[in-house]
Amino acid sequence: MSESWNKRTRLVHGGTRRSQYNEVSEAIFLTQGFVYDSAESAAARFIKAGDDEFIYARYGNPTVAMFEERIASLEGAEDAFATASGMAAVSGALTSMLRAGDHVVSARALFGSCLYVLEEILTRFGVEVSFVDGTDLDQWRAAIRPGTRAVFFETIANPTLDVVDIRAVAGLAHAVGAVVIVDNVFATPVFSNAIGQGADVVVYSATKHIDGQGRTLGGVVLGSRDYIRGTLEPYMKHTGGSMSPFTAWVMLKGLETIDLRVRAQSESALAIAEALQGDPRLARVIYPGHASHPQHDLVRAQMGQGGTVLALDLKGGQEAAFRFLNALEIVLISNNLGDAKSIATHPATTTHQRLPAEQKAALGITPGLVRLSVGLEDVGDLLADLGRALDVAG
Ligand SMILES: *Cc1c(COP(=O)(O)O)cnc(C)c1O
């Protein structure tokens, strides 16, 4: 791979390793192990494996290495480690670097499982976690203290699409030597410049836009070579959350088209936000890429475009939201996002059901809120489907 290649070229050719057959499409090395020429070479490889030397698929595999190299090159990270799911990536990124007595500051608005890891698991092992409103810099400033080991946040929070200022929070964290770990799913690798803006570690659920066609679970952690190979890899390879070679192949193919897909989906999301803005049946239309978003300037500076997800708040509450969802014909009721198929979710009764009512209210997860992940369908067809379902919802 050439350093001068631009992103679209890296997405197609980055990280490619060809076997002796010189295949065009990347090979799936569906093997758990590798044969050594001699007992001596096995012993040598266990001391130090070279770039093209593998030991066991839990430690690394050629197809997985291609995916890691390709996504690292897209993100501008020194290195990457691929994981079995997005949650294996989030929990591994945190747990591998923390120990009892450490202090972490986290944004409160998180994907349910991320909140569980921070609130229920890390604290069980003696890590102290302070939660803040991720959009309020004064709260970050008050909570980060000398000795804070890490800060964690979703750069765009699920499902209310609040945006955290990466550069500002990283400045506060770095002033006390804390590591900045961001879950960047909603920003997508296409619109991300998180490392350039101060993130030390970037985590993706590859299940979302990287696969982009709803087939397999996966995740990836990106960061410095020291952190990835020195801190994360030993933890992941011994605790078992590595990505399978088949999954890595699906994700490699996903990266080839991610730029085209995510840009097209974001364009449609913006068109839908514009068309529905001011609709009398909606209390709110939330889309980071629309001028009405309270942090629109930050979105422009941080990622350029608004991404593939928007949120609609129906005035008629849960009953109207359910009537709306049940009337959709093209948009599916499901809970993935970033998929080629448009998907609608009712967070209050599904993904965020576990939260007590006060916490839902504090996070803006109202009974009428519907999260809409915009797919690759014709945007005119999507607008017709949404408009008809809003008519039914009343
Ligand atoms: C989906 C998601 C995860 C978890 O990813 P999985 O691949 O489902 O394990 C973590 N964070 C965010 C923001 C997500 O959307």
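Each reported figure results from applying straightforward, stated rules to the coordinates on display, with no laboratory input. Everything quoted here is computed from the prediction, not taken from an experiment. Because the Cβ atoms are built from the backbone with ideal geometry, glycine has one as well, and the counts that use them run over all protein chains shown.
Observations on the structure shown:
- Each of Glu3, Glu274, Glu120 has some number of other Cβ atoms within 10 Å of its Cβ, and from fewest to most they run Glu3, Glu120, Glu274.
- Per-residue HN-Hα couplings for segment 226-240 [Karplus 6.51, -1.76, 1.60; θ = phi - 60°; Hz; x = Gly/Pro]: 4, 5, 5, 8, x, 10, 6, 4, x, 5, 5, 6, 8, 9, x
- Burial ordering of Phe324, Phe81, Phe111, fewest other beta-carbon atoms within 10 Å first: Phe111, Phe324, Phe81
- Restriction of the trypsin sites (Lys or Arg not before Pro) in segment 88-129 to DSSP coil positions whose beta-carbon has at most 11 other beta-carbons within 10 angstrom yields Arg99.
- For segment 316-329, the Karplus equation 6.51 cos²θ - 1.76 cosθ + 1.60, evaluated at θ = phi - 60°, returns couplings of x, x, 4, 4, 5, 4, 5, 4, 4, 4, 5, 8, 5, 10 Hz by residue, with Gly and Pro reported as x.
- For segment 277-377, the list of GluC sites (Glu not before Pro) that fall in a loop by DSSP and count at most 11 other C-beta atoms within 10 angstrom reads Glu329.
- Reducing segment 268-288 and segment 91-162 to their Cα centroids gives an inter-centroid distance of 31 Å.
- The tail of the calculated P(r) for the chain beyond 32 Å holds 35 percent of all Cα-Cα pairs.
- Equivalent ellipsoid semi-axes, segment 112-178, via Cα gyration tensor eigenvalues times 5, rooted, Å: 19, 18, 9
- Long-range HN-HN contacts of Ile333 with modeled amide H, under 5 Å: Ala344
- Compared with the alpha-carbon gap, the fully stretched path from Arg124 to Lys341 is longer by 74.2 nm at 0.36 nm per residue.
- Remark: segment 7-254 carries a charge dipole of roughly 240 debye about the Cα centre, counting +1 on each Lys and Arg Cβ and -1 on each Asp and Glu Cβ.
- Remark: the Arg388-His238 segment gains 48.8 nm on full extension, using 0.36 nm per residue and subtracting the alpha carbon distance.
- Remark: the Cα gyration tensor places segment 161-242 in the oblate category, a/c being 1.5 or greater and a/b not exceeding b/c.
- Lysine-lysine proximity count for the chain, Cα under 20 Å, sequence distance 8 or more or distinct chains: 7
- Amide H within-cut-off set for Val129, under 5 Å, with H built and near neighbours excluded: Val104
- For segment 289-302, backbone phi angles converted through the Karplus equation (6.51, -1.76, 1.60; θ = phi - 60°) give residue-by-residue couplings of x, 9, 4, 6, 5, x, 10, 4, 5, 4, 4, 4, 6, 7 Hz, Gly and Pro being listed as x.
- Ellipsoid fit via the Cα gyration tensor, segment 259-393: semi-axes of 21, 18, 14 Å, each the root of five times an eigenvalue, largest first.
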